[in-house]
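The values are calculated or read from the model by the stated rules, or taken from the named source; none is laboratory data. Please read these numbers as outputs of a predicted model, since none were measured by experiment. Methodologically, a virtual Cβ is constructed for each residue, glycine included, from the backbone with ideal geometry; neighbour enumeration extends over all protein chains shown. Ligands, DNA and RNA are stripped out before the accessible areas are found, and what is left, the full protein with its side chains, is counted by its heavy atoms. Shrake-Rupley method; radii C 1.70, N 1.55, O 1.52, S 1.80 Å.
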Amino acid sequence: MANIHVVLLLSPLLALTFCCLTFAADPASLQDFCVAGFACLLIAVKMNGLACKNPAWVQANDFSFSGLHNPGNTGNPFGSAVTPVTVAQIPGLNTLGISMVRIDYAPWGVVAPHYHPRATEILTVIEGSLEVGFVTSNPDNRLISKTLQKGDVFVFPVGLVHFQRNIGHMNVVAISGLSSQNPGVSTIANVVFGSKPDISTDILAKAFQVDKNIVQQIQWRF
């Protein structure tokens, strides 16, 4: 009977020990790569929610992408186009924590204010002149902006609202690197006025201090 009491007393400690062991993890990857592939049967190893391709089947094409030399189609209301190179385009990026995009801007084209929830962005201007900026968080909401020329570099910190605008009469090309294989993007206008279902017009009218009819007109556009 005494042994049973000892076991009962030690059980919580044992359980806690096993939990700690279960959730312990090495801070760095213990494999060369985890190329995203299709799950085989029900036992495929997954990293970042994607099944790892058998390393014996990995080829050079899993780590390459062709197409960034092609201009994006800027024939849209914003006058800009983003060509992504994420894990969706290069399966070998899985678990490596990086991605990139090519951005094309027609004259006076913009990339509307947006933020990346999972990545810092570093942008390099390849051709033309580009106005860029980001806004610091509350309560300061300070705008930090600069006009970039060919070869200039600018950084947008993770989670902060930022934008870009072509301020010239020629096309602009930029390349951005991002510190996530899947950085995500939330365009402010789409999030606020294009949610599904709509955010209440009463809430948005108070938030922006405008008439409800103005809010409705904007929502209809989305």
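Looking at region 94-111 only, could you name the residues that are over 21 Å from residue 150 (Cα atoms) and either open to solvent by 20 Å² or more (accessible area, probe 1.4 Å) or of a type in the set (Val, Ile, Thr) (or both)?
Keep residues of region 94-111 that are over 21 Å from residue 150 (Cα atoms), which gives 94-99.
Within region 94-111, 95, 96, 97, 98 qualify.
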**Prompt:** Do the conditions hold for residue 20, that is, is it at pLDDT below 90, at negative phi and in a helix (DSSP H, G or I)?
**Reply:** yes
**Asked** Can you list the strands (runs of 3 or more DSSP E) found entirely within region 137-222 that contain at least 3 residues being among the small types (Gly, Ala, Ser) and either under 25 Å from residue 85 (Cβ atoms) or open to solvent by less than 40 Å² (accessible area, probe 1.4 Å) (or both)?
**Response** 172-178
**Request:** Please enumerate the residues belonging to region 167-196 that are under 30 Å from residue 216 (Cα atoms) and in contact with a Pro (Cβ under 6 Å, 6 or more places away or on another chain).
**Result:** 184, 188
**Asked** When the residues of region 113-136 are filtered to those that are farther than 23 Å from residue 192 by Cβ and outside any strand (DSSP E or B), which remaining residue is most open to solvent (accessible area, probe 1.4 Å)?
**Response** 120
**Message:** Quick check on residue 65: is it part of a loop (DSSP other than H, G, I, E, B) and surrounded by 15 or more Cβ atoms within 10 Å (Cβ to Cβ)?
**Reply:** yes
